[in-house]
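What follows is a single structure, written as structure tokens, with notes after it.
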Amino acid sequence: MKNNLMGTVLITGGAGFIGSHLSERLISEGWRVICLDNFDNFYDPRIKRDNISQLIKNNKFTLFEGDIRDLTMLTGIFEREKVDVIVHIAAKAGVRPSIKEPLLYYDVNVHGTMNLLEMAKIHKIRKYIFASSSSVYGENEKIPFREDDNVDHPISPYAATKKAGELICYTYYHLYKIPIVCLRFFTVYGPRQRPEMAVHKFTRLIYEGKPVPVYGDGSSRRDYTYIDDIINGLNASINTELSYEVLNLGESKTIGLTELINIIEENLNKKAKIEWLPLQPGDVPITFADISKARKLLGYNPGVDIKEGIKRFTDWFTEHEKRG
């Protein structure tokens, strides 16, 4: 059932890649958006400020700078603002970095998620959306991945924190009947993608004529999902009446790493210089989403395939480079 009541959405990580795109969509549809971001230096904070440079001119957009671990700050926001929906995207991201800093990843991703669930409980919000990850599936041998597959064996601290987030979300749904949707994103890419992510990183390195690091033999496969499709799924999650659900958001197709590089090469009209490296701990051989549940409950229907998506991204990237 659709629920088209407008109101105020708090988006954590709202200045980031996904958060800024979602902010634009919601404002265009009549929502008021409160963006909470700490402008973490995991990558250049100026990128995130650029992401929202047009949004901050809109009177339906309010920016708060702060950390989701700061309960006093969160309490102040929720006492001052009437929040109807929380979309919790903020997190320490990345599989490989989480192996180097597991305590930090736990602190931000688990502690921060619980702080926001407490706010949801105290202030009786209408809906809580939690950004989870395909990494929770670990080395799942059954493909495509379904939401009811066993995810008890995450192989990185990042994946473990996302699984923990889903579990504590269920606890708050069970105890306080907060409607919660946990969305497992499958390798999101598109304009404004974080610079260390594969599509953006490979594009930049090929564009600049620098070596492209490939871990393993290049046969790993990923389910890459274009940002517009993810935003459609997020938007539908906000506007659909659900109790507690875990849903995959992917394209439900896979592409090998070497094939991905070939598509980027074609769009840039430049050849990649491959640097072959050993497999990295925490990396999985494949991600592949079964999206039948999201199709049924949300009407989710990804429409941008990898070739079109890469073209859109490389067009954005080259234009962005020309502008400086």
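Where a number appears in this text, it was derived from the coordinates with a stated rule and is not lab data. This is a predicted model, so every value here is computed, not measured. For neighbour counting, all protein chains shown are included, and Cβ atoms are generated from backbone atoms with ideal geometry for every residue, glycine included.
Report, in deg cm²/dmol and to the nearest 500, the calculated mean residue ellipticity at 222 nm for the chain, where each DSSP H run with n ≥ 4 adds -39500 (n - 2.57) and the sum is divided by the residue count.
Details: 12 runs with 133 residues, N = 324.
After summing the helix terms and dividing by the residues of the chain, the value is -12500 deg cm²/dmol.
If the limit is 22 Å between Cα atoms, which of Lys60/Lys322; Lys100/Lys127; Lys60/Lys121; Lys48/Lys322 go over it? Could you put the intermediate results ahead of the total?
Values: Lys60/Lys322 31 Å; Lys100/Lys127 34 Å; Lys60/Lys121 25 Å; Lys48/Lys322 19 Å.
The answer is Lys60/Lys322; Lys100/Lys127; Lys60/Lys121.
Taking Cα centre as origin and charging only the Cβ of basic (Lys, Arg, +1) and acidic (Asp, Glu, -1) residues, the dipole magnitude of region 181-324 rounds to 220 debye. The Lys273 and Leu71 beta-carbon pair, evaluated with R₀ = 56 Å, returns a calculated FRET efficiency of approximately 0.70. Anisotropy class assigned to the chain is prolate, per the alpha carbon gyration tensor with a/c at or over the 1.5 cut-off and a/b larger than b/c.
By average Cβ neighbour count within 10 Å, what is the ranking of 134-145, 7-18, 272-283 from highest down? Write out the running numbers ahead of the final one.
Numbers: 134-145: 20.2, 7-18: 24.8, 272-283: 12.8.
Final packing ranking: 7-18, 134-145, 272-283.
Over region 175-261, Cα pairs under 8 Å with separation of 6+ residues give a relative contact order of 49 percent. In this simple spin-label model, placing a label point 7 Å from the Cα along the Cα-to-Cβ direction at both Asp50 and Asp305 gives a separation of 3.1 nm. Taking all Cα pairs closer than 8 Å and separated by 6 or more residues, the relative contact order of the chain comes to 18 percent. The distance between label points at His123 and Ile99 comes to 3.8 nm (points 7 Å beyond Cα on the Cα→Cβ vector). Based on the alpha-carbon gyration tensor of region 115-203 and its eigenvalue square roots a ≥ b ≥ c, which shape applies: rounded if a/c is under 1.5, prolate if not and a/b is larger than b/c, or oblate? It comes out oblate by the Cα gyration axes.
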